[in-house]
């Protein structure tokens, strides 16, 4: 305890395990080294994933990726390809991959409360033959992220049940949170008109999404 009576943070694996308890056997050994039919099917239905990366100094980042369902290409049971669509050109994930190829993916399927977790090592590819196969609305991505799978497993539904993520009644009224145009104005572009920023955003969403 410190002077305020606050316990110290958990700082070693033994202490963590003591506090958490032992996992049941079928959970502790659920990782698989490659995709099976259920993983393939889930990926084919998924329109959204989160990509976790880390730079050479250990600074972590998580980036959302979305496209029509099945946008991630399953090359084989140990390899997937993620298209890189037009964005803000920061390329945080790409630079992180160049420095540290270890990545983690979390796939979601609307209406399904279980998720799919995949960990592996990533490379950036620009093979035209591969990229053309991921074209949407006639536009192929310029690059893709290839992930060589090290482990993959399904994650139970508790988090999504607790959050009620897919429950329509849990959705907020859109007016309860500021528009992105207002956030941009206040954070980065003071003095500009939020309505104009928002209108420009919405137009670019229509024309520059692919």
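Values as computed for the structure displayed
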| item | result |
| --- | --- |
| Taking segment 28-163 and dividing mean pair separation by its residue count, relative contact order in percent (alpha carbons under 8 Å, at least six apart) | 29 percent |
| Label zone at residue 170, where the point sits 7 Å out along the Cα-to-Cβ direction: segment 110-149 residues whose backbone N lies under 16 Å | 110-116 |
| Projected area, mean over directions - the chain, Cα convex hull, nm² | 16.9 nm² |
| Per-residue [θ]222 nm for the chain (sum of -39500 (n - 2.57) over DSSP H runs n ≥ 4, rounded to 500) | -8000 deg cm²/dmol |
| Ranked 205, 38, criterion: other C-beta atoms within 10 Å, fewest first | 205, 38 |
| Footprinting exposure proxy for 55, 127, 67, 76 (fewest neighbouring C-beta atoms within 10 Å first) | 76, 127, 55, 67 |
| Neighbour-count order for 107, 42, fewest beta carbons within 10 angstrom listed first | 42, 107 |
| Segment 123-201 - convex hull of alpha carbons, volume per residue in Å³ | 226 Å³ |
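Every read-out reported here was derived from the displayed coordinates using simple, explicitly stated rules and does not represent laboratory data. Since this is a predicted model, take the numbers as computed values, not measurements. Virtual Cβ from ideal backbone geometry, glycine too; neighbours counted across all protein chains shown.
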